[in-house]
Amino acid sequence: NGDASKLRVLGRVSAQGKSTCYLNIHQSMQYMLAVNYWDAKVNLMQLDAQGNISGVREINMQPGASYVENNRPTREEHWQYRQRWPHSHCIVTEPYTSRLHFVSDLGLDKVFVYRVDMVAGAMRLRA
């Protein structure tokens, strides 16, 4: 509409996780990375030429995240024992080559390193 100061909804796509808390658009504008706090899923979403999300390309679960899917902890259990399983809460891209993405995790007190293969549209845990 010509007014660049206003946000507008382009579409809606499920992040296929619980409590999506951080989004990071890759500098290539081809992908968006998302992290989900509750179930520690790290997702790679493909963007079309207009910047719309065309779908979830890949879902990675942090080590130990299967606890949430297998046991379905309550909110009370979460608050009492939240350090027992992973809770990803941020994904930041390194600024030099934009190849590595750092995911901080509250529950495990670790930073994980992912790399995106731009050709294959895949994301792999590296460290």
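Pick from ASP39, ASP117, ASP105 the residue whose mean-square fluctuation is largest in a GNM of the chain, springs joining Cα atoms under 10 Å.
Between ASP39, ASP117, ASP105, it is ASP117 that shows the largest mean-square fluctuation.
If you take the C-alpha gyration tensor of the range 20-125, multiply each eigenvalue by 5 and take the square root, what semi-axes do you get, largest first, in whole Å?
The equivalent ellipsoid of the range 20-125 has semi-axes of 26, 14, 11 Å.
Once you've got the GNM for the chain with C-alpha springs shorter than 10 Å, pick whichever of ARG57, ARG75, ARG115 has the biggest mean-square fluctuation.
Among ARG57, ARG75, ARG115, the largest mean-square fluctuation in the Gaussian network model of the chain belongs to ARG75.
Write down the Kirkwood hydrodynamic radius of the range 47-88, to one decimal in angstroms, obtained as one divided by the mean of 1/r over all alpha carbon pairs.
Here the Kirkwood hydrodynamic radius works out to 12.7 Å.
Please arrange GLU94, GLU58 by counting, for each residue, the other beta carbons lying within 10 Å of its beta carbon, fewest first.
GLU94, GLU58
Which ³J(HN,Hα) values in Hz, rounded to whole numbers, follow from the phi angles of the range 25-41 under the Karplus curve 6.51 cos²θ - 1.76 cosθ + 1.60, where θ = phi - 60° and Gly and Pro get x?
Calculated HN-Hα couplings, in order: 8, 5, 4, 6, 6, 9, 9, 10, 9, 9, 10, 10, 5, 4, 10, 6, 8 Hz.
Estimate the FRET efficiency between LYS6 and ASP109 by the formula 1/(1 + (r/R0)^6), using the beta-carbon distance for r and 41 Å for R0, to the nearest 0.05.
Result of the calculation: an efficiency of 0.55.
Bear in mind these aren't lab numbers, they're just calculated from the coordinates by the rules spelled out. Quantities reported herein were computed from a predicted structural model and do not represent experimental measurements. Every residue, glycine as well, gets a Cβ built from its backbone with ideal geometry; the counts of neighbours run over all protein chains shown.
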